[in-house]
Amino acid sequence: MIVHRGKTIEEVIELLAKYKDSKIIAGGTDVILDIKDNKIFPEALIDISSIEELKGIELKGDFIEIGAGTTFTEIAEDEIFEKNLHGLKKACKLIGSPQIRNRGTVGGNIVNGSPAADSIPPLLCLESTLIFESLEGIRKVKLEDYLKSKYRIKEHELLTKIRFKNPEGLLNFIKLAIRKALAISRMSIATLIELDEEEKVKDIKVASGSLGRYPMRELEVEEFLLGTILGEYTVDEAVNILQNAMEKRLKGRPTLPYKKRAVKSLLKEALNQRIRSSRRVIS
Amino acid sequence: MIEIQLTVNGKDYTVNIEEDKRLLDVLREDLGFTGVKEGCSEGECGACTVIMDGKTVNSCMVMGFQANGSNIVTIEGLEKDGQLHPIQQAFIDIGAVQCGYCTPGMILSAKALLDKNPNPTKEEIREGISGNLCRCTGYSKIVKAVEKARGYEDES
């Protein structure tokens, strides 16, 4: 195995073109396990963990760009995610352990493609775009489309940025796991909700993790809640809609009965937290 | 083989390592820092925790070549002039050590926490050591020891 420590994006995409059988390593929290377990045998291992231009969070007009090599700790500690984008901070803070968050990167979370990747549901709510670079140029793909497999990363590409519009609404994230630290999410829900002056839902995005083969938007739930006032009835009905959607998607899976029951409290909690955080609480 | 340079506990080293060697193995086998323990080898237990450029990492999840140019602190680097570090002393005073296998990693996580936040709450301490598993103590004495070490004057 040949190892390289890339210093610039340009150098890495040239290496990716040179070595057909290569693997990118950033935080290494997934890749090293695959190497150790003999699941992968790359000809070349290309380290991107010290490339400065892949790191950091930038506000560009109405848009926010996160470098793919930004660690979960760096996201969780950035002030930009203190207010309406708190849901992304929360998701990143709940990943693994301090040691894992210090190494693991948001780009790795996306490209590794686990259905339980915690940073993805909030980024889906934000309608994020992924930016890939290769010798052929730049390719932009909506995260939502990317997850539907046919737009997945190509061997000679490097994910460099995640970009989304700074939203008006409030982003939230809730996760269920067997314990707080070091546990992979059993399931997760992210919501992005904007209310109008009459407390009606003006804009809503709902995304789930581990409720299907990959994290996805829950469009039927969004459609139902749009224009309604969040309250006991609408929340219960939203839960029913999500449960029905899961029934179709996870039919025959042994975890379905458990997940159907558990998702109820998860979605309820996410929506109720939004009700509580709105200025005029509806009693 | 590939040559890497790194600083461990304030001293510079140049080592030739195999490409697929993990930082954990470089520290233990090539440099003799056996205070770095191998537990689960998959980032769950935290026994192999070291401080790399000011942040805790699981050294089983860092490739040796990725550590080129980095500054590492292991448990061996905490003692100064024969004096235990205040966190080490607090672990002994409170009785937070039983079998001792998790202790080096636990103390380094505590150090990284206290370096950043000298007066953490109990909850923040629990969060700070959440990546380190201990199967003996039940954690309460470990948390107490970190509470005791709060606010120490770090001269390093």
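The values are calculated or read from the model by the stated rules, or taken from the named source; none is laboratory data. Just so you know, these numbers come straight off a predicted model, no measurement behind them. Cβ placement follows ideal geometry from the backbone for every residue including glycine, while neighbour counts extend to all protein chains displayed. Remember, those area values only see protein heavy atoms, side chains included, never the ligands or the DNA or RNA. Shrake-Rupley method; radii C 1.70, N 1.55, O 1.52, S 1.80 Å.
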Inset, instruction - Taking the options A:Glu11, A:Glu79, A:Glu43, A:Glu74, name whichever one is without any contact (Cβ under 8 Å) to a residue 24 or more places away in the chain, open to solvent by 40 Å² or more (accessible area, probe 1.4 Å) and within 12 Å of chain B (Cβ to nearest Cβ). - result: A:Glu74
Legend entry - B:Phe65 among the aromatic types (Phe, Trp, Tyr), under 29 Å from A:Ala183 (Cβ atoms) and part of a helix (DSSP H, G or I): no
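Here's the yes/no breakdown for (1) open to solvent by 10 Å² or more (accessible area, probe 1.4 Å); (2) within 10 Å of chain B (Cβ to nearest Cβ); (3) of a type in the set (Ser, Thr, Tyr):
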position: A:Ala17; (1), (2), (3): yes, no, no
position: A:Ile25; (1), (2), (3): no, yes, no
position: A:Ile35; (1), (2), (3): yes, yes, no
position: A:Asn38; (1), (2), (3): yes, no, no
position: A:Cys92; (1), (2), (3): no, no, no
position: A:Pro98; (1), (2), (3): yes, yes, no
position: A:Gly108; (1), (2), (3): yes, no, no
Inset, instruction - Please work out if B:Leu114 is part of a loop (DSSP other than H, G, I, E, B), buried (at least 20 other Cβ atoms within 10 Å of the Cβ), of a type in the set (A, V, I, L, M) and within 14 Å of chain A (Cβ to nearest Cβ). - result: no
Inset, instruction - Pull up the stretch A:209-232, narrow it to residues that are assigned to a helix (DSSP H, G or I) and at pLDDT 95 or above, then point me to the one that is surrounded by the most Cβ atoms within 10 Å (Cβ to Cβ). - result: A:Val221
Legend entry - Per-region count, the stretch B:8-41, residues farther than 22 Å from A:His4 by Cβ and open to solvent by 30 Å² or more (accessible area, probe 1.4 Å): 13
Inset, instruction - Starting from residues that are in contact (Cβ under 8 Å) with a residue 40 or more places away in the chain and surrounded by fewer than 21 Cβ atoms within 10 Å (Cβ to Cβ), keep the ones in the stretch A:186-208 and report whichever is nearest to A:Pro98 (Cα to Cα). - result: A:Arg186
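If you go through the stretch B:42-55 one residue at a time, how many are within 7 Å of another protein chain (Cβ to nearest Cβ), modelled with pLDDT of 95 or more and open to solvent by 10 Å² or more (accessible area, probe 1.4 Å)?
Within the stretch B:42-55, residues that are within 7 Å of another protein chain (Cβ to nearest Cβ), modelled with pLDDT of 95 or more and open to solvent by 10 Å² or more (accessible area, probe 1.4 Å) number 1.
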Legend entry - Top-ranked residue of the stretch A:46-67 - restricted to ones that are touching a residue at least 24 places away in the same chain (Cβ under 8 Å), more than 9 Å from chain B (Cβ to nearest Cβ) and acidic (Asp, Glu), ranked as least open to solvent (accessible area, probe 1.4 Å): A:Glu65
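Residue-wise test of (1) within 18 Å of the chain's Cα centre (by Cα); (2) in a loop (DSSP other than H, G, I, E, B).
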{"residue": "A:Leu16", "(1), (2)": "no, no"}
{"residue": "A:Ile75", "(1), (2)": "yes, no"}
{"residue": "A:Ile80", "(1), (2)": "yes, no"}
{"residue": "A:Asn84", "(1), (2)": "yes, yes"}
{"residue": "A:Leu88", "(1), (2)": "yes, no"}
{"residue": "A:Arg101", "(1), (2)": "yes, no"}
{"residue": "A:Ser114", "(1), (2)": "yes, yes"}
{"residue": "A:Leu123", "(1), (2)": "yes, no"}
Inset, instruction - Test each condition in (1) small (Gly, Ala, Ser); (2) touching a Leu at 6+ places or on another chain (Cβ under 7 Å); (3) more than 24 Å from A:Lys23 (Cβ to Cβ) for B:Gly54 and report the one that comes out false. - result: (2)
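Let's see how each residue does on (1) touching a strand residue (DSSP E or B) at 6+ places or on another chain (Cβ under 6 Å); (2) surrounded by fewer than 22 Cβ atoms within 10 Å (Cβ to Cβ):
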| site | (1), (2) |
| --- | --- |
| B:Gln66 | yes, no |
| B:Ser70 | yes, yes |
| B:Tyr101 | no, yes |
| B:Leu108 | yes, no |
| B:Glu124 | no, yes |
| B:Asn132 | no, no |
| B:Lys148 | no, yes |
